[in-house]
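All remarks here apply to the structure that follows.
Only the coordinates and a few stated rules stand behind these numbers; no lab work does. Quantities reported herein were computed from a predicted structural model and do not represent experimental measurements. Quick reminder, even Gly has a Cβ in these numbers, built from the backbone with ideal geometry, and neighbours come from all protein chains shown.
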Amino acid sequence: MTDDHTGDRRTRDGDPGNEPPIPTDRKSPVGAPVIRGDESITGTHARQAVQFDPDDPDSLALAAETVAQFATGSVDEDHLYMLRGAAACAALVRGVGSYKTAAERASDQVEGDGTVTVSFIRKWARVHDLPRSVRRQVALGEIAPSAAKHIARVGGEDRLLLAWAVLDGDLTVRDVRQVASQVNDGASIEHALGDCDVTLGRLELTLPASAYRDLRRRASLEGVDPGTIVADALGNARE
């Protein structure tokens, strides 16, 4: 698991020193309901948001119970509950020190002969470790949790590019899985998305009429594509 860092970052244009680092991993404490506890995102559900503290034995016990319920599907599952389950997985791993021990601890809470696998906990702990910008879209229901599991398999800036491609390219969960596998096998994110008929960076915008007029006018006078004007404006805003 990773925390409080920006992961591997690829710079495609210019000197990497010209741009500030882009967060590609979670920066807030493990188990904290940063997204789940935000009423502007989750509404009244925020009041029921549970924080899992990996350093608190009672909270860790609750995390183990939550992971067991999550893994066995013993409660209704929606995107907010899945974020809660992911938080419990991450906190349990952090608290006990390994995926294997976390799986054993959660399995002790499962009735009958059921078990919680290391693979299950690893996948969902990685979702909890996604940057806030991506987790927010999961909480809003714009990115399916099952797609987020595959986004989390990708490292560095490519995970952000894949997440935004889900929003702008209407990728299915199967598509996301395919792209993640290709990238992890060494393909570029551009090539992998191209195989799904998605052009990286293509975005449809709706602007106020005056902004649209000025954007088109400036692009025409400068002899460039409107996207170049937008990209330059965003680049200047980050300086």
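Things to note:
- Fully extended contour minus Cα-Cα distance, from Ala187 to Lys100, at 0.36 nm per residue: 28.2 nm
- Kirkwood Rh and Cα Rg combined as Rg/Rh, region 199-239: 0.98
- Table column - 3J(HN,Hα) (Hz), region 226-234, Karplus curve with 6.51, -1.76, 1.60, x for Gly and Pro: x, x, 5, 5, 5, 4, 5, 5, 5
- Karplus 3J(HN,Hα) series, Hz, for region 199-205 with 6.51 cos²θ - 1.76 cosθ + 1.60 (x for Gly, Pro): 8, 4, x, 7, 9, 8, 10
- Cβ-based charge dipole, region 151-239, positive-most Cα from Pro208, Gly223, Gly169: Pro208
- In sequence order, region 91-106 has phi-based couplings of 5, 5, 4, 5, x, 9, x, 7, 5, 4, 5, 4, 5, 5, 5, 5 Hz under the Karplus curve 6.51 cos²θ - 1.76 cosθ + 1.60, θ = phi - 60°, and Gly or Pro positions carry x.
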